[in-house]
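Working notes, structure below.
The values are calculated or read from the model by the stated rules, or taken from the named source; none is laboratory data. In this text, all values refer to a predicted model and were calculated from it rather than measured experimentally. Glycine gets a Cβ as well: all are built from the backbone with ideal geometry, and neighbour counts include every protein chain shown. SASA here: full protein model, heavy atoms, side chains in, ligands and nucleic acids out. Shrake-Rupley method; radii C 1.70, N 1.55, O 1.52, S 1.80 Å.
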Amino acid sequence: MDQLTLPHIPVLLDAVLDLLRVRDLPAGYFVDGTLGAGGHAAAMLSAAPLSRLLGLDRDPAALELARARLAPFGSRATIVHASYEEIGRLIPEWLKDQFAAEKHITTEHIPAVNDFTGVDGILLDLGISSMQVDDATRGFAFMQDGPLDMRFDPTSGDITAADIVNTWETDELADILYRYGEERNSRIIARAIAAARPISTTRQLADIVAKAQRGPRQKIHPATRTFQALRIAVNDELGAVERVLPIAIDHLRPGGRLAVISFHSLEDRIVKQTFKLEATDCICPPDLPTCTCDHHARVELVTRKPVEATDAEIRLNPRSRSAKLRVIERLDYSNVHDGV
Ligand SMILES: C[S@@+](CC[C@H](N)C(=O)[O-])C[C@H]1O[C@@H](n2cnc3c(N)ncnc32)[C@H](O)[C@@H]1O
């Protein structure tokens, strides 16, 4: 399939391949925790001809696309319906299966095969795909009419956006609009939502929010921030990123890299702060005369500033405008006392 005919164009693709050193690791072991349509994953498997990839997504519809896209790579791609939060269990299981199945690959292809405890690269391309936005039945889009769902995994029993708008206290609703949507009119909008209950469709909600907005006209659609906030809350997106980063580092081999692409400042802040903390030895307050924290850096920063899309990429794929890519590299385990 040609990249341009696919519904979702992978962002910052060259930078991801370069910074995960995919071409230098022809038999590398890679994990794509957010497979989507499989664009990044297909490029990784093509660039490293003996590589293996474990791909995960919470969305069964995305996995169907990814399965078709990655079919030409046969058993080199393992696709699992799971949250990336499950990599702590899934990566060791997958590596064990790979080694059991790959006796024919000579050890020169497998770095440090005897004490191999981690993978060469992990990619997390956070957020939502174009297919999810474009499918009105998923409830992510304020420009189309559909049920207020917004779950990445609609087969889960998790709460939906409709549950939140129809049952949460006005204050709780206002809080998430403010925190996750950075919506200045959060209280006014939350009150308007509560007054209009029950609300069942995206168009109904978008109209209520548009009418409630105060202040000067904004460049973005008046419901953009509300929809972003609800999506983040429904999928606990910030919690998931916070939880997965240390686990991802646990499962990198020394020299292995973690690349994270985020699309809004709340996510990027978590990535930036976690990477900084994980790249720092002592984290004692600066006025303490000796170190008491026993904190050891587990990684070094590969990108000091986030990599962003060029104007040319933004013209081709406007979604890339807000993308920020940060990458870290796992240090030798000897730097860390407990060996993880
Ligand atoms: C931006 S898209 C990825 C696009 C992909 N890189 C490509 O090239 O097609 C993000 C994907 O992450 C998935 N996702 C979001 N949170 C997830 C989680 N906690 N675990 C696994 N997948 C998740 C979404 O369902 C969506 O398909």
Placing +1 on the Cβ of each Lys and Arg and -1 on the Cβ of each Asp and Glu in the stretch 241-299, which of Ala248, Phe275, Pro289 has its Cα farthest towards the positive end of the resulting dipole?
Ala248
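In terms of the Cα gyration tensor, with a ≥ b ≥ c the square roots of its eigenvalues, is the stretch 244-340 rounded because a/c is under 1.5, prolate because a/b exceeds b/c, or oblate?
Details: a/c = 3.08, a/b = 1.93, b/c = 1.59.
It is prolate, given that a/c is not under 1.5 and a/b is the larger ratio.
Using a 1.4 angstrom probe with every protein chain in place, what is the largest-first accessible-area order of Met150, Met131, Met143? It would help to have the intermediate numbers written out before the result.
On the way: Met150 0, Met131 35, Met143 130 Å².
From most exposed to least exposed: Met143, Met131, Met150.
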Please calculate the 1.4 Å probe accessible area of Lys276, with all protein chains present, and give it to the nearest 10 Å².
140 Å²
Looking at the chain, what % of its DSSP beta bridges pair antiparallel, to the nearest 5?
40 percent
Dipole size in debye (nearest 20) for the chain around its Cα centre, Lys and Arg Cβ +1, Asp and Glu Cβ -1?
1060 debye
Sketch the reach of a paramagnetic label on Ala136 as a point 7 Å from Cα along Cα-to-Cβ, and name the residues of the stretch 202-223 whose backbone nitrogen lies under 11 Å away.
202-203
Calculate the length of the line joining the C-alpha centroid of the stretch 58-95 to that of the stretch 172-203, in whole Å.
35 Å
So if each residue of separation counts as 0.36 nm, and I subtract the Cα-Cα distance between Asp158 and Arg76, what length gain in nm does that give?
26.3 nm
Treat each spin label as a single point 7 Å out from the Cα along the C-beta direction, and report the Leu277 to Ser322 distance in nm.
2.4 nm
Karplus 3J(HN,Hα) series, Hz, for the stretch 155-166 with 6.51 cos²θ - 1.76 cosθ + 1.60 (x for Gly, Pro):
8, 7, x, 5, 5, 10, 4, 4, 4, 5, 5, 8
Label point distance in nm, Arg179-Thr167, each placed 7 Å from Cα along Cα→Cβ:
1.9 nm
Would you count, across the chain, every pair of lysines whose alpha carbons are under 19 angstrom apart, provided the pair is eight or more residues apart or spans two chains?
6
Phi-derived 3J(HN,Hα) across the stretch 214-226 with the Karplus relation (6.51, -1.76, 1.60, θ = phi - 60°), rounded Hz, x for Gly and Pro, is 10, x, x, 4, 9, 5, 8, 4, x, 9, 3, 5, 5
Ranked by GNM mean-square fluctuation in the chain (Cα springs under 10 Å), the top entry among Ala100, Ala47, Ala240 is Ala100
Could you sort 308-314, 291-297, 118-124 so that the peptide with the highest average Cβ count within 10 Å comes first and the rest follow in order?
118-124, 308-314, 291-297
Would you work out which of Gly33, Leu230, Phe73 lies farthest towards the positive end of the dipole of the chain, given +1 charges on the beta-carbon of Lys and Arg and -1 on that of Asp and Glu, about the Cα centre?
Leu230
In deg cm²/dmol, rounded to 500, what helix-only [θ] at 222 nm does the chain give when every DSSP H run of at least 4 residues adds -39500 (n - 2.57) and the total is split over its residues?
-11500 deg cm²/dmol
Each label point is 7 Å from the Cα along the Cα-to-Cβ direction; what then is the distance between the points at Asp145 and Ala312, in nm?
4.4 nm
Point-charge dipole on Cβ atoms (K/R +1, D/E -1) for the stretch 208-308, about Cα centre, debye to 20:
780 debye
